[in-house]
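Taking it in order: structure first as structure tokens, then the write-up.
The values are calculated or read from the model by the stated rules, or taken from the named source; none is laboratory data. Worth saying up front: this structure is predicted, and the values here are computed from it rather than measured. All Cβ positions, even for glycine, are placed from backbone atoms using ideal geometry, and neighbour counts span all protein chains on display.
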Amino acid sequence: MRRRILLSILAVVILTTMVLGLPLMYTAWLWVEDITRNDMQDRLDRMADVIIAQEGANGMVEGPLDTRGVEPLVPDGGHLVVVYPTPPDRVTRLDLGVPEVTDPLIESLSMGTSGSLRLEQPPTEMRSLQWRAVGAVSLLVVASMAAGTSVAVVTAKRLSDPLRDVAKRAARLGEGDFRPDPRRHGIAELDRVSDVLDSATVEIASRLQREHLLAADVSHQLRSRLTAVRLRLDELVEHPDPDVVEEAQAAMAQVDRLTAAIDELVRASREDEANPATVVSVLDELRPVVAEWERPFEERGRRVLIYGDAALRSPVTGPRLREAAAVLIDNALVHGGGTCSVRVRDAKVAGRAPRICVEVSDQGAGISDDLAPHIFDRGVSGAGSTGVGLALARALIEADGGRLELRQRKPALFAVFLTAAENGSGATMAGRTAVEPGLPVVGARPRVGEPR
């Protein structure tokens, strides 16, 4: 920033000095020449007075011209030509000074009808004065540029340092450092920004503390209720009916997954707790999610299928990916129609970092054109729901450096883009199974297969 400010001010200073300096140099050059010519005219006027004083009543010079009053007025190295009338009706010419002047400055003066003066002067002295005048103006230009540069350096430092401090403070605030900063810079606008940041720091810290406390309280209450539900389910596991036992065990598994999801969401809401991502097979992470949703789809006469390449691996947080996929599948169940397909494919593009794409689509009517631009906005829903699910799914995916997009409106197709793990990422290659795209993938239950 300092460099940009400095260059901007210097550009203005240089432009101003050039716009003013060059015309000033040209003016000084002409001014010296004008002074020299005025001096020559003054000499000619004085010479004319001497010659006119020698004229008689008839306007002619009787006898030889007395040049004692004229010769001292001829400049060094100059040449004077005097033409004056003499009787009877003749004109006499008189040359004084150097016989021939190279490239002279010439000034002339008319005296009556037949008399004249012509003064020639070498330009050496005038050129010397002109170059000295131009040099003086150049020194002034250089001095002004030096002064402008000094002002630019001081101004750039005075502006850039406070701006850099404010930017660093805003960055610390974004990183969760809510310590107040009492420093002020003597610039009213920046000091006002610092005051606002101080107020925002207090407010944000207070809100985060309240949100952490609320999240902790809510998670504690939910875990307590889920623990009570699990205890009741433990009793059903001892039931003599095998179907009841199976349903109880499935419900217990759902309770355990819900508890893990709650813990993950609480950890994700705390900036001071890291959730390390591990390299996992994306397809393997999504198989149990699809298996959980098979029965709700079957109850509506629909199917949910998953297929793709099990060798595609990504450094993601498993619970976040599963929760986001569950939101998309639930969205397809509630708002979509037909078969819901979950496809894991390679989204590699030449010249870009390798990517993995998870596509979740259905065969329903899709999303309206009015709703599509706001589909990920919190609180926006087209069917009277809370409008939180898709916003939460996007936040979970972005927390691992991924991206969630609506790729197609009718029928709806959502795409999750994840960073692909390279072979040198430290992940083990053992146990990886590749599946040709389009072939069925056997999940946790037999219903997981290739879409028709």
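If you scan segment 344-367, which residues turn out to be free of Cβ contacts under 8 Å to residues at least 60 places away in the same chain and surrounded by 15 or more Cβ atoms within 10 Å (Cβ to Cβ)? Quick ask: steps written out before the conclusion?
Residues of segment 344-367 that are free of Cβ contacts under 8 Å to residues at least 60 places away in the same chain, as a first pass: 349-352, 359-367.
The answer is Glu359, Val360, Ser361, Asp362, Gln363, Gly364, Gly366, Ile367.
With of a type in the set (S, T, N, Q), under 27 Å from Asp263 (Cβ atoms) and modelled with pLDDT under 50 as the only criterion, which of Ser425, Ser385 stands out?
Working: Ser385 fails: modelled with pLDDT under 50.
The conditions single out Ser425.
Can you pull out the helices (runs of 4 or more DSSP H) entirely within segment 271-377 that have at least 2 residues that are modelled with pLDDT under 90 and either within 22 Å of Phe417 (Cα to Cα) or within 34 Å of the chain's Cα centre (by Cα) (or both)?
Details: elements: 282-292, 294-299, 318-335.
Counting at least 2 such residues, we get 318-335.
For the condition under 33 Å from the mean Cα position of the chain (by Cα) and without any contact (Cβ under 8 Å) to a residue 60 or more places away in the chain, what is the one hit in Arg127, Arg184, Arg230?
On the way: Arg127 fails: under 33 Å from the mean Cα position of the chain (by Cα); Arg230 fails: under 33 Å from the mean Cα position of the chain (by Cα).
Step by step, each of Arg127, Arg184, Arg230 is checked, and only Arg184 is under 33 Å from the mean Cα position of the chain (by Cα) and without any contact (Cβ under 8 Å) to a residue 60 or more places away in the chain.
Within segment 67-98, can you find the residues that are at pLDDT below 85 and in a loop (DSSP other than H, G, I, E, B)?
Matches in segment 67-98: Pro87, Pro88, Asp89.
Looking only at segment 157-213, count every residue that is surrounded by fewer than 11 Cβ atoms within 10 Å (Cβ to Cβ) and at positive phi and tell me the total.
The number of residues fulfilling the criteria is 1.
For the subset of segment 273-310 comprising residues that are among the hydrophobic types (A, V, I, L, M, F, W, C) and more than 16 Å from Val342 (Cα to Cα), which member is surrounded by the fewest Cβ atoms within 10 Å (Cβ to Cβ)? Let's see the steps before the verdict.
Here is the first cut: in segment 273-310, the ones among the hydrophobic types (A, V, I, L, M, F, W, C) are 274, 277, 279-280, 282-283, 286, 289-291, 293, 297, 304-306, 310.
From the residues that got through so far, the ones that are more than 16 Å from Val342 (Cα to Cα) too are 274, 277, 279-280.
Values: Ala274: 8, Ala277: 18, Val279: 15, Val280: 17.
My answer is Ala274.
Specify the residue that is farthest from the chain's Cα centre (by Cα); the eligible residues are those in segment 84-97 that are within 27 Å of Pro122 (Cα to Cα) and buried (at least 16 other Cβ atoms within 10 Å of the Cβ).
Within segment 84-97, the first condition is being within 27 Å of Pro122 (Cα to Cα), and the residues that meet it are 84, 92-97.
Okay, now just the ones that are also buried (at least 16 other Cβ atoms within 10 Å of the Cβ), so 84, 96-97.
On the way: Tyr84: 82, Leu96: 77, Gly97: 74 Å.
Here the residue is Tyr84.
Test Met40 against the stated conditions and say whether it is touching a Pro at 6+ places or on another chain (Cβ under 9 Å) and modelled with pLDDT of 85 or more. Working first, answer last.
Values: touching a Pro at 6+ places or on another chain (Cβ under 9 Å): yes; modelled with pLDDT of 85 or more: yes.
So Met40 fits the description; yes.
Report, by residue number, each residue of segment 36-62 that is free of Cβ contacts under 8 Å to residues at least 60 places away in the same chain, surrounded by 14 or more Cβ atoms within 10 Å (Cβ to Cβ) and of a type in the set (A, V, I, L, M).
Val50, Ile52, Met60, Val61
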